[in-house]
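Please treat every number below as a calculation from the coordinates, not as lab data. These figures come from a predicted structure and were not determined experimentally. As a convention, Cβ positions derive from the backbone with ideal geometry for all residues, glycine included, and neighbour counts pool all protein chains shown.
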Amino acid sequence: MKKYGIFYASSTGHTADAARRIAAALGVEAEDIHDVAKTAPSRLGDYEVCILGSPTYGAGDMQPYMEDFVDGARVLDLQGHKLAFFGTGDETMSHTFCSAVGDMAKSLAHTGARLIGEYDGRGYVFEETEAEIAPGVYYGLMLDNVNHAELTDSRISAWAAKLGTE
């Protein structure tokens with residue numbers, strides 16, 4: 001069985017809630033869910049699969065604690081590990097929707113870890129995002145509890161099932 005660690009930043013509670021829901025879908029224990037405001041980036045090395053989550057703020061930025069965490073993690077050698085990403089956002093912020101997902105992935109791509117968990121974002125309506133890899137394909141799970149809360153559980157469930165096979 002893979003050892004998962006979930007690392008999140010949250011200001012309003014939406015991303016913390018998503019982290020707990022993802023953990024439940026994957027069977028991750030509470031002690032393996034980490035608030036990055038209280039966690040050293042080196043803890044990523046403790047897990048085979050590291051799942052990072054951040055809301056998107058302002059002009060498409062990561063939450064500040066996640067930005068600091070990612071800055072510290074950039075120097076790590078994560079060969080043999082896997083990284084997956086999720087983000088919370090509001091699709092009405094149509095030029096930056098869940099851009100933190102892409103920012104995290106791009107910032108950590110050179111650590112040697114394998115990036116997993118690409119996501120099909122159909123169903124959202126927005127102009128652009130840093131999370132996009134190719135049309136309709138994104139670096140990770142994007143959640144909008146402002147406009148699509150009713151879809152969050154099914155999206156988490158489908159994404160968690162995908163992670164289990166990667």
### Message
From Cα pairs below 8 angstrom and at least 6 apart in sequence, can you work out the relative contact order of the stretch 1-73, rounded to a whole percent?
### Response
42 percent
### Task
Hey, can you grab everything whose amide H is under 5 Å from the amide H of Ile133? Only 5+ residues off in sequence or another chain; H modelled, so Pro and N-termini drop out.
Tyr138, Tyr139
### Query
What is the packing order of peptides 26-33, 100-107, taking the mean over residues of other C-beta atoms within 10 Å and listing the highest first?
100-107, 26-33
### Query
Of all DSSP beta bridges located in the stretch 1-151, what percent are antiparallel, nearest 5?
25 percent
### Query
How many angstrom lie between the C-alpha centres of the stretch 1-68 and the stretch 121-166?
16 Å
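What is the gain in length, in nm to one decimal, between Asp77 and Thr165 on full extension, counting 0.36 nm per residue of separation less the C-alpha to C-alpha distance?
29.3 nm
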### Task
Enumerate the amide H contacts of Leu115 below 5 Å, restricted to partners 5 or more residues apart or on another chain; note that Pro and chain-start residues carry no placed amide H.
Leu83
### Task
Just name one of Met104, Ala131, Leu26: the one whose Cα is farthest towards the positive end of the charge dipole of the chain (beta-carbon charges, Lys/Arg +1, Asp/Glu -1).
Leu26
### Query
What's the local net charge at Tyr8, with K and R +1, D and E -1, over the other residues with C-beta under 14 Å away?
-1
### Task
List every residue whose amide H lies under 5 Å from the amide H of Thr88, counting only residues 5 or more places away in sequence or on a different chain, with H placed 1.01 Å from N in the peptide plane.
Ser54, Thr56, Leu143
### Task
Scan [x] 8; [y] 24; [z] 17 for the value of percent of Cα pairs over 29 Å apart calculated from this model and give just the label.
[x]
## Note on the structure
For the chain, averaging the sequence separation of alpha carbon pairs under 8 Å that lie six or more residues apart and dividing by its residue count, the contact order in percent is 22 percent
### Task
For Ile133 paired with Ala24, estimate the spin-label separation in nm (one decimal), with each label point 7 Å from Cα along the Cα-to-Cβ line.
2.8 nm
### Query
Can you list the HN-Hα couplings for the stretch 124-141, worked out from phi with the Karplus curve (6.51, -1.76, 1.60; θ = phi - 60°), rounded to whole Hz and with x for Gly and Pro?
9, 10, 7, 7, 7, 7, 6, 7, 7, 8, 8, x, x, 10, 10, 4, x, 5
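Is there a quick way to get the dipole size of the chain? I mean about its Cα centre, with the Cβ of Lys and Arg at +1 and of Asp and Glu at -1; what is the value in debye to the nearest 20?
Dipole of the chain, to the nearest 20 debye: 500 debye.
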### Query
Taking θ as phi - 60°, what are the ³J(HN,Hα) couplings along the stretch 41-48 by the Karplus curve (6.51, -1.76, 1.60), each to the nearest whole Hz, with x for Gly and Pro?
x, 4, 5, 4, x, 7, 10, 6
### Query
In sequence order, what are the phi-derived ³J(HN,Hα) couplings for the stretch 19-26 according to the Karplus relation 6.51 cos²θ - 1.76 cosθ + 1.60 with θ = phi - 60°, rounded to whole Hz, with x for glycine and proline?
4, 5, 5, 5, 4, 4, 5, 9
